[in-house]
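Here's the structure we're looking at; comments come further down.
Read-outs throughout are calculated quantities, based only on the coordinates presented, and are distinct from any laboratory measurement. Keep in mind it's a predicted model, so treat the numbers as computed, not measured. In this analysis, Cβ positions are derived from the backbone assuming ideal geometry, glycine residues included, and neighbour counts consider all displayed protein chains.
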Amino acid sequence: MRKKLLLWGGAGVVLLFLSIVLSLSIGSARIPIGDVWSIIWHALTDWMTGAGEDAATSPNEQIIMQVRFPRVVLAILVGAALSIAGAGFQGVLRNPLADPYTLGVASGSALGAAFMISFGIHYILLSQWTIPLAAFCTGLISLMIVIRLASINGKFRTETMILAGVVVQAFFGAIVSLLIALSDSLMNGIVFWLMGSLQLRGWPHVLLLTPYVLAGGIVMLSLARTLNLFALGERTAMHLGVNVERTKKTVLIIGTLISAAAVSVSGTIGFVGLVTPHLMRLLVGPDYRLVLPLSALYGGIYVLWADTIARVILRIELPLGVVTAFLGAPFFAWLLIRHKRKGEEAR
Amino acid sequence: MNERLEQRQSILVADQVSKTLGHQLVLKDVNLAVRMGECFGIIGPNGSGKSTLIKLLSGADTPDSGWITFRSQQLSAYSKKQLARSIAVLQQEALPPIGFTVREVVEMGRYPYQNWLGEEQTDVEPIISGILSELDLTQLSSRPIERLSGGERQRVALAKAAAQQPELLMLDEPTTYLDIGYQQQMMEYIRRWQGRNGMTVIAVLHDLNLAALYCDRIMVLHQGRVVETGTPGEVLSADLLEQVYGVRPTIVKHPSHGVPQILLQGSMEPVRRIERTEGAG
C-alpha cells in the first residue's frame, strides 16, 4: 500500500507541478515561459525574505501573480474538494454513482449561494463566511431530501438515487431560475457563475476555500479505514466495531460542507467528484487510504486542466462546468452501462 | 461431556426477550443461557424468528422488552468496538463481490483492536498468516474477493471472524449457499478452532442433521417462542419436529456417532402421467 501511494502520489505531485507551470504560462496575454519562471522565483524569494509589496510590479507580474496564480490554486482546491466529497459519498453510501452533483448537494448549495448573491446580503451577516454557510445549509437539506426519497426500507438503490437526485436538482434549479428572473440586473453574473466558472477569482477566494478543504480532507482521511469496512456491508462493518450511523453522518456532513464551500466560489461543476475516485480505483484498487488522497491530488489536476482549457481554447471564456461535463458525462454513461451489466450478471 | 458443560457458567443469557417488527410479534419471551465453550444450535422453520434472535444476541438490534447479558453485563453497555473484540458474527451471504484481496479482508478483522491511525500494539503479521494457512487461504491471499467462489468467500469471512479473536462466534445459517463438501469443511474448521481455545459458538442452522452432528445443545424456535432446549438426542424427536415443521420425519441413529439424523418420509407414490388424448385439439 505504501509503495502504491508513493508511486502514484509522486507521479501526481510531479504532474501537478508541471500542470501549474504550464497553466500559468498559457493565456490571452502571451508571456514566455522563461519570464513566468523568473516572476514566480522573484515572488517566492520576496515572500521568503519578507520584502515585496513596495517593489514596483510589471504588468506581466501582475497578470501572473494576481490573475493566473490564484485562479490555478483555486482550480486545484475546487477539484480536490469535489473529489474528496465524491469519494466519501461513494464509500459511505456504497454507491458507485454518488457524488455532490448526482446527490443534489451541488444544486442545493447553489440555491443557498444564489439566494445570498441575488439579495445582496452576502457580506452582511458573517462577512465572507456567509455564502459558504448558506450553501452548506441548503446543500444539506437537498442531500437529506434525496436520501429520504431514494431509500426503500433503509436500503439505497442506485436507480432510485439518480431519480431522486434529478427531482431535487430540477426543483432547486427552478428556484434559482426564479431568483435570476426576479433580479434582472445581476442576471448574467449569476447565470455564468451557476454554469461553473473561476473567472475573476482572486486570493480572497483561495483563503476562503482552503480551511474547508484542509479540515474536511483531514477528517475524511482519518475515516478512510472505516470506509473500507463499509464495502463489506453495513451490518458486517457494525460487527467489526464500526459505529455505522455516526460514521455515515460524519462523512455526509463533511462531504456536504466541502462541496458547499467549493460551490460557493466556483458555482456548480459536475462530474469531477464522480470521475476522479473511479479513475483512482482503476489505478490503485478499492482501498480508501489510497483512493481519498489520490482523488484529491488528481481531482485538482483534472479541474486545473479543465479550467485552463475553458479560458484558452476559444477567444471567449467557456464555463468550467461545461468543460468538465464534456469530459465527465461520457464517463458517467460508461459507468452506468457497466453497472447495468454487472447487475444482470448477478441476477 | 454434557455434565461437564452443565457446571460451566453462562456466557450469554437472554431473559424474557420480546421483539416486534412492524405490527408482527417476532419473538415472545425468549429465554436462553449459552454456556461457555459449548456449541449452541438454534433451529426452527422459516419465519420462526431465528435471524431476528441472532440480531438481538449480537447487538445489531435491541429487544423491545427483556434483557440480554454478555459476561453478566448488559449487551448495550458495551461499545461497538468492545463487542467486536468479544463477539464475531458470520452471516448467511458472506462477502459482497469487492476488489479487496483475501488478505486485506482478513486484516479488516483487526479493526476493533486498532487505534485511529490503524496501528495496534501486538504484531499482527503472525496472527494473520496463521489464520490464512489454517483455513487453506495462503494460496489465495492476494486474489480479489470478487474472483472467488461462494465456498471460498465464506471461508474468507470465517478467517476475518478468526482475526477478531472472539470468545463467542455467532453463525447465521453460514452453510446455506454451500454444497455438502464445503458445509462439512466449514463446520470442521469451526469445531477445530473451538477445541483449540474453548470458544463458544451459537449457530442458527437450517440443516437439522448438521445441527445434530455439531451442536452440544439445540434450541427449537417456533412462531417466536422457545419450544424446547436440550441435547440433540432429547430435542430431535419425530413428535416435536412434526409439531414445528408440519411433517413427520423418520429419526435414525447416526451409524458412527449415535446422534439422531432426520430422514424425510415423502409419499413416494408414482407420478401419474396424464395421458394425452389424441385428436382433441
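Summary table
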| quantity | calculated |
| --- | --- |
| Computed E for A:I253/B:E188 - FRET, C-beta separation, R0 45 angstrom, nearest 0.05 | 0.45 |
| For residues of B:94-100, the mean tally of beta carbons on other chains within 10 Å | 5 |
| In nm, spacing of pseudo-spin labels at B:Q121 and A:R246 (7 Å Cα→C-beta vector) | 2.1 |
| Number of partner chain Cβ atoms within 10 Å, mean per residue of B:77-90 | 3 |
| Violating pairs (Cα-Cα greater than 29 angstrom) within the set B:K50/B:K81; B:K28/B:K160; B:K19/B:K80; A:K340/B:K80; A:K248/A:K340 | B:K28/B:K160; A:K340/B:K80 |
| Amide H partners (placed H, <5 Å) of B:I11, local residues excluded | B:V34, B:R35, B:M36 |
| Inter-chain Cβ neighbour average for residues B:159-167, partner chain, 10 Å | 1 |
| Estimated dipole of chain A in Debye, rounded to 20 [Cβ of Lys and Arg +1, of Asp and Glu -1, Cα centre] | 1440 |
| Among A:H42, A:G255, A:T324 the positive-end extreme of the charge dipole of chain A (Cβ point charges) | A:G255 |
| For the range B:179-218: rounded, prolate or oblate by the Cα gyration tensor [a/c cutoff 1.5] | oblate |
| Counting DSSP beta bridges with both ends in the protein assembly as shown, the antiparallel % (nearest 5) | 60 |
| Residue-averaged 222 nm ellipticity for the protein assembly as shown, from DSSP H runs of 4+ at -39500 (n - 2.57), nearest 500 | -18000 deg cm²/dmol |
| Simple label model, 7 Å out from Cα along Cβ direction - B:H23 to A:I218, nm | 5.4 |
| Förster radius 35 Å - calculated FRET efficiency between B:I180 and B:T250 (Cβ-Cβ, nearest 0.05) | 0.95 |
| Packing-based exposure ordering (other Cβ within 10 Å, fewest first) of B:L221, B:L135, A:L5 | A:L5, B:L135, B:L221 |
| Prolate/oblate/rounded call for the range A:71-339, Cα gyration tensor, a/c under 1.5 rounded | prolate |
| Computed E for A:L207/A:I152 - FRET, C-beta separation, R0 56 angstrom, nearest 0.05 | 0.80 |
| GNM top mover of A:S295, A:S222, A:S118 - chain A, alpha-carbon springs below 10 Å | A:S222 |
| Cα centroid separation - the range B:180-239 against the range B:82-103, whole Å | 21 |
| Nonlocal amide H pairs with B:V226, under 5 Å, H built at 1.01 Å | B:N31 |
| Anisotropy class of the range B:69-181 from Cα gyration tensor, a/c 1.5 cut | oblate |
| Loop-exposed GluC sites (Glu not before Pro) per DSSP, neighbour cap 13 Cβ within 10 angstrom, longest uninterrupted part of chain B | B:121-274 |
| Linear extension gain, A:S183 paired with A:D46, 0.36 nm per residue minus alpha-carbon span | 44.9 nm |
| Spin-label zone in the range B:158-175 - amide nitrogen under 19 Å from a point set 7 Å from the Cα of B:S149 along the C-beta vector | B:158-159, B:174-175 |
